[in-house]
Structures are given as structure tokens and as C-alpha cells.
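The values are calculated or read from the model by the stated rules, or taken from the named source; none is laboratory data. As the structure is a computational prediction, the values presented were derived from the model and not from experiment. Positions of Cβ are backbone-derived with ideal geometry, glycine not excepted, and every protein chain shown enters the neighbour counts. In case anyone asks, the SASA skips ligands and DNA or RNA and just uses the protein heavy atoms, side chains included. Shrake-Rupley method; radii C 1.70, N 1.55, O 1.52, S 1.80 Å.
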Amino acid sequence: MPYDQSFTIEENTKVNAKYYRLTFRAAHLSEAVEPGQFLTLQINPSLDPFWRRPFSYYRIQKDRIQILYEVLGRGTAMLSRKKKGDTVQVMGPLGRPFSPKVKNKKRVLVAGGVGVPPLIFLAEKYAADYLLIGTKSSAEVLPKKELAKIKAEILYSTNDGSYGSKGFVTKLLEQVIKKELPENIFIQTCGPNIMMEAVMKMALQWGIEGELSVDKPMACGVGACLGCMVKTSDGWKASCVEGPVFNFKDIDLATTLS
Ligand SMILES: Cc1cc2nc3c(=O)[nH]c(=O)nc-3n(C[C@H](O)[C@H](O)[C@H](O)COP(=O)(O)OP(=O)(O)OC[C@H]3O[C@@H](n4cnc5c(N)ncnc54)[C@H](O)[C@@H]3O)c2cc1C
Ligand code: FES
């Protein structure tokens with residue numbers, strides 16, 4: 001059962017043009033959390049906005065939890081204005097995580113946008129061979145200290161070529177596939193649906209196994225509202241409970257990511 005607790009914000013800092021990092025202490029919410037799991041956050045006690053917002057666990061040190069978030073709309077804009085000492089209500093841990101083991105294959109992580117935090121957590125906790133990060137420009141690239149503990153080869157792509165390779169992150173993935181050979185690779189991906197769709201199409205084309213974390217709007221986070229349904233090979237599933245992480249082969253690509 002997930003815990004539902006109020007916590008006091010220790011830090012809510014802008015780390016670059018794209019992300020804020022929020023830190024709080026909550027003993028139960030940090031117990032046995034795995035990369036890919038998420039929490040839901042009630043941004044204001046006044047219930048405005050009404051629905052909680054889902055965020056991936058980014059980093060855990062003992063009872064200290066961090067999330068890394070992007071300001072996209074009203075809720076995250078309100079969250080970015082929270083100060084040290086303010087309180088927020090949080091439920092977690094929720095959902096199914098990424099597989100910790102990848103059976104003698106090279107772990108290739110493909111991240112973009114709001115999908116970067118859980119894959120950094122995964123690379124820190126279980127190690128990875130490659131972490132491929134796609135952003136629009138250099139302004140969105142995380143400061144090096146946020147990635148300092150990662151042993152993987154980290155490759156960047158930017159749409160405008162201002163940092164790393166110019167183009168989409170799938171260009172980097174293609175390079176890695178050609179270097180390592182498809183049969184030796186296991187992909188784990190999280191990011192904008194359009195990016196994950198391209199990654200999954202490449203994986204299908206090359207016969208590569210992998211997992212994705214689907215990005216569906218989530219209102220309740222506990223399987224009650226049916227707002228986050230995805231079509232799988234085993235019928236419709238609530239991605240907040242049966243996911244958000246699914247195996248490529250279990251997901252109906254056209255229905256889920258459209
Ligand atoms: C399992 C899961 C884990 C997530 N982890 C993170 C994380 O670690 N960091 C982070 O920054 N965000 C994460 N998100 C996305 C985050 O929940 C949304 O960005 C947030 O709910 C937007 O709230 P808002 O009130 O600011 O925006 P809204 O007013 O709800 O929407 C504003 C804009 O954001 C878009 N939007 C709404 N929900 C999402 C969504 N789920 N994904 C992408 N765009 C959305 C809308 O289409 C709209 O354009 C995660 C989402 C899921 C489902
Ligand atoms: S968010 Fe309500 S069922 Fe998944």
C-alpha cells in the first residue's frame with residue numbers, strides 16, 4: 001500500500017533553464033523505492049489544482065527524496081513558487097519500476113524531457129552502459145554535477161546542435177546499435193511520447209528488446225479513475241498500477257502513444 005504523507009520542503013531550486021529540483025524528507029515514502037516508480041503530489045492544501053500531479057523519483061538518500069521537474073502548466077508553475085518550509089501532500093511509492101537486471105545485455109537508456117529523472121535514478125542505482133539524452137538546446141542540458149555518479153557513457157543530442165550531436169536522440173541510438181549489435185542491447189526509455197514512439201519503432205525494426213515508461217495524464221494514481229488506460233497484449237490496463245513501465249512487446253504502440 002502506498003503512503004500518503006505531508007512533508008516539509010527542504011529545497012526547491014532551479015537547476016537550469018528546464019528543471020527544478022525539489023527535496024523533502026519522508027521516511028515511508030523513501031522505503032524500497034525502485035527507479036521508474038513515481039509519487040503524486042497535491043500542490044496546494046486548498047485543492048487548487050484539484051488533481052495531484054505525478055512525478056518520478058529522481059534520487060533517494062536515506063529518508064531524503066528528490067524529484068526533478070519541468071514547468072509545463074499551471075500546477076508545476078505553482079510548485080516552482082514553493083519555498084523551503086512550505087508543506088506538500090505526497091502519495092507513494094506508486095507503479096511498477098524498470099527491470100533492475102537486463103540479462104547479460106548492454107543497458108541502453110534513452111531519455112528526453114520529463115523522462116530524464118527516472119533514468120538517471122536507474123543509471124545511478126543499477127549502472128548502465130549508455131545514457132542517451134535528447135534536448136532542444138544546450139540551455140536544457142543538466143549541470144554535470146547532477147550526473148556525476150553515473151558510470152555509463154553519456155551522449156547528448158540537441159535539436160539545434162548547440163551541445164552534443166545535432167538532431168534527435170534516435171540518431172545516437174542508431175550509432176550505439178551499430179556499434180554494439182542489436183542482439184546485445186536492452187533499451188529502457190522514458191520521455192515525450194513522440195520520442196518513445198521513434199525508439200520503439202527502431203527497436204522493432206532491429207529486433208531489440210526493451211521497456212518504456214508510458215506518459216499518460218494521471219488523476220488518481222491508484223487505479224480508480226481509469227484515466228491512464230493503455231492497450232496491451234493482455235487488454236486495457238491502468239498505467240498507474242500495471243505500469244508506468246511496460247515491456248515493448250506488451251504495448252500496442254499505435255493506441256498507447258498516439
Ligand atoms: C508516471 C509519470 C512520471 C512523471 N515524472 C515526471 C518527472 O519526474 N518530472 C517532470 O517534470 N514531470 C513528470 N511527469 C509529467 C508531469 O506529471 C506533468 O508535467 C505535470 O502533471 C503537468 O502538470 P501542470 O499542472 O503543470 O500542467 P497541466 O496544466 O496539467 O498541463 C500543462 C501542459 O503539460 C502537458 N502535460 C500534462 N500532463 C503531462 C504529462 N503527464 N506529460 C507531459 N506533458 C503533460 C499538457 O498537455 C499541457 O500542455 C510525469 C508524468 C507521469 C505520468
Ligand atoms: S490515474 Fe487513475 S486509474 Fe490511473
Among the residues of the range 37-82 satisfying the criterion of being without any contact (Cβ under 8 Å) to a residue 12 or more places away in the chain and among the polar types (S, T, N, Q), which is surrounded by the most Cβ atoms within 10 Å (Cβ to Cβ)? Q61
Name every residue in the range 237-258 that is within 20 Å of F38 (Cβ to Cβ) and either touching a His at 6+ places or on another chain (Cβ under 9 Å) or open to solvent by 50 Å² or more (accessible area, probe 1.4 Å) (or both), in order of residue number. V241, E242, D250
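Residues checked against (1) within 15 Å of ligand 1 (Cβ to nearest atom); (2) within 17 Å of T255 (Cα to Cα); (3) assigned to a helix (DSSP H, G or I):
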residue: K178; (1), (2), (3): no, no, yes
residue: I194; (1), (2), (3): yes, yes, yes
residue: A198; (1), (2), (3): no, yes, yes
residue: M202; (1), (2), (3): no, no, yes
residue: A219; (1), (2), (3): yes, no, no
residue: V222; (1), (2), (3): yes, no, no
residue: C225; (1), (2), (3): yes, no, no
Which of (1) small (G, A, S); (2) within 29 Å of I177 (Cα to Cα); (3) in contact with a Gly (Cβ under 8 Å, 6 or more places away or on another chain) does S99 not meet, given it meets every other one? (3)
Let me spell it out: the conditions are (1) surrounded by 20 or more Cβ atoms within 10 Å (Cβ to Cβ); (2) of a type in the set (G, A, S); (3) within 16 Å of ligand 2 (Cβ to nearest atom), and A224 meets all of them except one. Which number is the exception? (1)
Just to verify a result, which residue in the range 19-36, among those that are among the small types (G, A, S) and open to solvent by 10 Å² or more (accessible area, probe 1.4 Å), is farthest from T8 (Cα to Cα)? A32
Counting only residues that are part of a loop (DSSP other than H, G, I, E, B), under 17 Å from the mean Cα position of the chain (by Cα) and near ligand 2 (Cβ under 6 Å from one of its atoms), the range 227-243 contains a total of 1
Would you mind stating whether N159 is more than 22 Å from the chain's Cα centre (by Cα) and either on the phi > 0 side of the Ramachandran plot or surrounded by fewer than 17 Cβ atoms within 10 Å (Cβ to Cβ) (or both)? no
F246 fails exactly one of (1) more than 13 Å from ligand 1 (Cβ to nearest atom); (2) on the phi < 0 side of the Ramachandran plot; (3) not basic (K, R), namely (1)
Please indicate, with yes or no, whether at least one residue in the range 71-84 is touching a strand residue (DSSP E or B) at 6+ places or on another chain (Cβ under 7 Å), part of a strand (DSSP E or B) and under 27 Å from K237 (Cβ atoms). no
